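Report on the following structure.
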Amino acid sequence: MCGLWWRGSLRLCRAALTCCPGRPAFASRRWLSMKRYGIEERGRPNTVEYRLYFKNEEGKFISPFHDIPLYALSQEDSDVPAKKSKTNWNKNVFNMVVEVPRWTNAKMEIATKEPLNPIKQDVKKGKLRYVANVFPHKGYIWNYGALPQTWEDPKHRDNDTNCCGDNDPIDVCEIGSKVCSRGDVIQVKALGVLALIDEGEMDWKIIAINIDDPEADKFNDIGDVRKYKPGYLEATVDWLRSYKVPDGKPENQFGFNGEFKDQTFAVDVIKTTHNYWKDMVHKKSDQGEIECKNVMVSESPFCCSKEEATSIVQSAPSAGNANPVPAEVNIWHFLKK
């Protein structure tokens with residue numbers, strides 16, 4: 001078993017057991033009720049065979065795409081008092097699967113077309129993908145990942161942008177101060193959303209903050225990001241517009257002229273993509289090449305046994321030492337504005 005098991009989750013639970021000054025009084029109840037997830041590495045990092053599989057607190061291998069719930073708080077947690085109406089903890093807090101820690105370059109992603117959907121590194125033309133360092137940005141400038149149980153349906157055309165979905169879970173740019181680790185499952189508060197159009201496909205980017213961040217209570221809508229982290233939203237647009245240019249591709253475009261939409265709009269987008277996911281995983285819509293095998297989704301025709309899930313993981317290559325990262329990953333690119 002990989003030593004990364006329960007990483008992050010135990011840190012959160014330890015923090016919850018001690019009431020910290022300035023933190024919400026309900027923090028310990030919130031954290032103790034959260035599900036805990038572990039990870040197991042297979043294959044060697046920085047190779048095409050590398051995979052990161054997920055386990056739940058019962059020790060079952062699961063899909064981070066389908067088996068981790070979208071909403072961070074369960075029904076029994078809906079009685080959170082006092083600050084509930086102010087910060088909307090229950091309505092606007094979601095689980096996020098961290099695929100790429102801030103400042104790193106490896107383009108890691110949930111493998112939507114593989115059984116149990118492990119995290120793997122994207123490959124293009126037989127080579128592992130790394131995002132370029134486009135001055136002044138080093139790697140990803142947020143903790144980057146996805147909301148589980150969401151799906152941008154490629155057959156649905158968005159009314160506002162006239163673009164179809166990119167066939168992936170919805171992406172998240174988490175702006176908190178902590179640098180997360182690959183495979184962390186954190187709880188984030190949605191603040192707003194940016195409509196990226198990536199090679200003609202709708203690719204929503206949710207702007208969110210980790211609710212464990214010391215300043216999380218200050219952030220309740222997209223305007224708070226401008227107020228307390230000036231320049232971050234502009235840097236986000238610049239990064240997303242330019243990150244493919246060093247690979248010879250044109251700049252990405254944006255819906256709404258690059259304007260960030262507010263929290264209400266973002267939550268509506270999340271709910272819509274959650275409904276698309278529900279239709280897909282219950283076979284009410286065509287999933288195409290998406291692998292819907294899951295272990296925990298009630299009444300899903302794609303549900304499999306614990307034993308089958310274990311055999312999928314055990315059939316993957318054993319964990320090993322990491323390959324060196326190519327030297328060109330550290331090159332800086334300077335683009336004319």
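The values are calculated or read from the model by the stated rules, or taken from the named source; none is laboratory data. Just so you know, these numbers come straight off a predicted model, no measurement behind them. Cβ: placed from backbone, ideal geometry, glycine included. Neighbour counts: every protein chain shown. We work out accessible area using only protein heavy atoms, side chains counted, and drop any ligands, DNA or RNA first. Shrake-Rupley method; radii C 1.70, N 1.55, O 1.52, S 1.80 Å.
Would you call ASP286 outside any loop (DSSP other than H, G, I, E, B) and either in contact (Cβ under 8 Å) with a residue 40 or more places away in the chain or surrounded by fewer than 17 Cβ atoms within 10 Å (Cβ to Cβ) (or both)?
Considered against the rule, which asks whether it is outside any loop (DSSP other than H, G, I, E, B) and either in contact (Cβ under 8 Å) with a residue 40 or more places away in the chain or surrounded by fewer than 17 Cβ atoms within 10 Å (Cβ to Cβ) (or both), ASP286 comes out as no.
Here is a list: GLU99, GLU114, GLU201. Which entry is within 11 Å of the chain's Cα centre (by Cα) and acidic (Asp, Glu)? Spell out how you get there, then give the answer.
Values: GLU114 fails: within 11 Å of the chain's Cα centre (by Cα); GLU201 fails: within 11 Å of the chain's Cα centre (by Cα).
Checking each option against the conditions leaves just GLU99.
Can you find a residue in segment 43-51 that is modelled with pLDDT under 95 and over 22 Å from ILE170 (Cβ atoms)? Lay out the reasoning, then the answer.
At the first step, the residues of segment 43-51 found to be modelled with pLDDT under 95 are none.
Among the residues of segment 43-51, not one is modelled with pLDDT under 95 and over 22 Å from ILE170 (Cβ atoms), which makes the answer no.
Looking at the structure I just gave you, is VAL193 aliphatic (A, V, I, L, M), at pLDDT 95 or above, in a strand (DSSP E or B) and more than 16 Å from ASN275 (Cα to Cα)? Quick ask: steps written out before the conclusion?
Values: aliphatic (A, V, I, L, M): yes; at pLDDT 95 or above: yes; in a strand (DSSP E or B): yes; more than 16 Å from ASN275 (Cα to Cα): yes.
For VAL193, the condition - aliphatic (A, V, I, L, M), at pLDDT 95 or above, in a strand (DSSP E or B) and more than 16 Å from ASN275 (Cα to Cα) - is met.
For ASP213, which of the numbered conditions (1) open to solvent by less than 20 Å² (accessible area, probe 1.4 Å); (2) part of a helix (DSSP H, G or I) fails to hold?
So the condition that ASP213 fails would be (2).
Say whether the condition of being surrounded by fewer than 24 Cβ atoms within 10 Å (Cβ to Cβ), free of Cβ contacts under 8 Å to residues at least 60 places away in the same chain and at positive phi is met by at least one residue in segment 166-178.
no
Closer than 22 Å to ASP168 by Cα, in a helix (DSSP H, G or I) and open to solvent by 40 Å² or more (accessible area, probe 1.4 Å): is that true of LYS271 in this structure? Explain how you work it out, then say what you get.
On the way: closer than 22 Å to ASP168 by Cα: yes; in a helix (DSSP H, G or I): yes; open to solvent by 40 Å² or more (accessible area, probe 1.4 Å): yes.
Spelling it out, LYS271 is indeed closer than 22 Å to ASP168 by Cα, in a helix (DSSP H, G or I) and open to solvent by 40 Å² or more (accessible area, probe 1.4 Å).
Looking at (1) over 20 Å from ALA111 (Cβ atoms); (2) of a type in the set (Gly, Ala, Ser); (3) in contact with a Lys or Arg (Cβ under 6 Å, 6 or more places away or on another chain), find the lone condition where GLY320 falls short.
The one condition GLY320 does not meet is (1).
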